[in-house]
Amino acid sequence: MQADEYSPILSLVVPTYNERKNIAALVENVRAALDGIAWEMIVVDDDSPDHTYDEVTALSRNEPRIRCLRRVGRRGLASAVIEGALVANGDIIAVMDADFQHDETILPLMYHKLIDEGADVVVGTRYAQGGGVGDWDESRQKMSNFATRLARLLIGNQTSDPMSGFFVVRRAVLASSIYDLSLQGYKILLDIISASPKPLKIDEVPYTFRGRRDGESKISPMVLAEFLFLLLEKGSGGLIPPRFILFCLVGGTGLVIHLAVLNLLGYFGFPFLTSQAAAIGVSMLSNFIINNQFTYRDRRLTGWSAVSGALLFAVVCSFGALANIGVAELAIKETPSWSLAGVAGAIMGAVFNFGAASSIVWGQRRRRNAKFPANPTIGGPTV
């Protein structure tokens, strides 16, 4: 082992979730691609059910340049990248996926372009001359083009591929904007560029996007929603937190469900108070389920934790209703408009519910039974 392997210049951060079948081949390919460069790989795994972290640990016994940061109770690509960068030893941070969609063979070119041309960021782009999106169908291409146009409303034409998840950046660039990053969703490059306190020198290296080698795609409607929320947060200067927006939208669906249950029970002849109580219970439960599935999906409660969480959510919402009424009562003394007073109360109720739910319901410490191998291997390489 050469001395420079203990002092990496390039730190490759690879966020993972259920990538056990890909990680060994990725390590081999990265080792071949970065021959001659002092590198390390930091795999940031979000407690994968397929035990990706165990595979990384096993690989690290023969390749000490690999480390695994296993995150329990936290999810999300953007935050995973930043946490990986914060524990990295290199002054240059590279980011790529573990599913082989990013072309690891261009990493040396990206690295040398950053060094030789004094760039702050080098983006692996699908949209410059020589790049491509591979075998994407027409609908996915249209969705990507639309998202790219929206991103350019925020950062202009600084890069042809602001949605790229494959890039190399100087540690100092991250350090200069670390407290202004949103860490929401998947588009960390867009977050970094928009949060920078000064204009960045951005270069590009084209590549062709490849198909996933193994496993399932992480693309979902929530990925697009989180991207839109990121744009809104950045466009508002951080005044509108994305999670709060989604929480309020879920509250709107709860109102629709409440009215539907209330009128349905009324149609079948149930008394108003009975119908109202049932509608409140159903809408609270539906709000909890939707919030647990989407708004707080990185802290999702399961099993008995979900049951206790639903009960806590009902208690929180009950206190939120009292806050709503209290503020509305104060507001009605200052304005003759019932509508304005009602809006004031609703805003206070929403803010209270959001804050309390975030810290009490989805801020609980969750337990999961740990599984250990029958004959664990103790120890490993010592550096």
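Only the coordinates and a few stated rules stand behind these numbers; no lab work does. On a predicted model such as this, the values are computed, not experimentally measured, just so you know. Note that we place each Cβ from the backbone using ideal geometry, even for glycine, and neighbour counts take in every protein chain shown.
Annotation: Cα Rg of the stretch 241-309 relative to the compact-globule expectation 2.2 N^0.38 Å equals 1.27. Over the C-alpha trace of the stretch 26-148, radius of gyration and Dmax come out as 16.0, 44 angstrom.
Maximal additional length on extending the residue 334-residue 171 stretch stands at 53.4 nm, based on 0.36 nm per residue less the C-alpha distance. Take the Cα radius of gyration of the stretch 3-219 and divide it by 2.2 N^0.38 Å, N being the number of residues; the result is 0.96. How many nm separate the modelled label positions at residue 347 and residue 50, each set 7 Å beyond the Cα in the direction of the Cβ? Inter-label distance under the simple model: 4.7 nm.
Computed from label points 7 Å out along Cα-Cβ, the spacing between residue 178 and residue 72 is 2.5 nm.
Once the Kirkwood radius over Cα pairs is known for the stretch 242-361, the Stokes-Einstein relation at 37 °C and 0.692 mPa s delivers a diffusion coefficient of 217 µm²/s. For the pair residue 105 and residue 157, a Förster radius of 35 Å applied to the C-beta separation gives a FRET efficiency near 0.80, rounded to the nearest 0.05. At full extension, residue 32 and residue 146 could sit 37.4 nm farther apart than now, given 0.36 nm per residue minus the alpha carbon distance. One equal scatterer on each Cα of the stretch 288-330, no solvent, Debye formula: the resulting log10 I(q)/I(0) at q = 0.27, 0.30 Å⁻¹ is -0.88, -0.97. Here is the list for the stretch 21-91: trypsin sites (Lys or Arg not before Pro) lying in DSSP coil, each with at most 16 other C-beta atoms within 10 angstrom of its C-beta, are 61, 74, 75. At full extension, residue 298 and residue 201 could sit 31.6 nm farther apart than now, given 0.36 nm per residue minus the alpha carbon distance. Note on residue 359 and residue 210: the model spin-label points, each 7 Å out from Cα along the C-beta direction, lie 4.8 nm apart.
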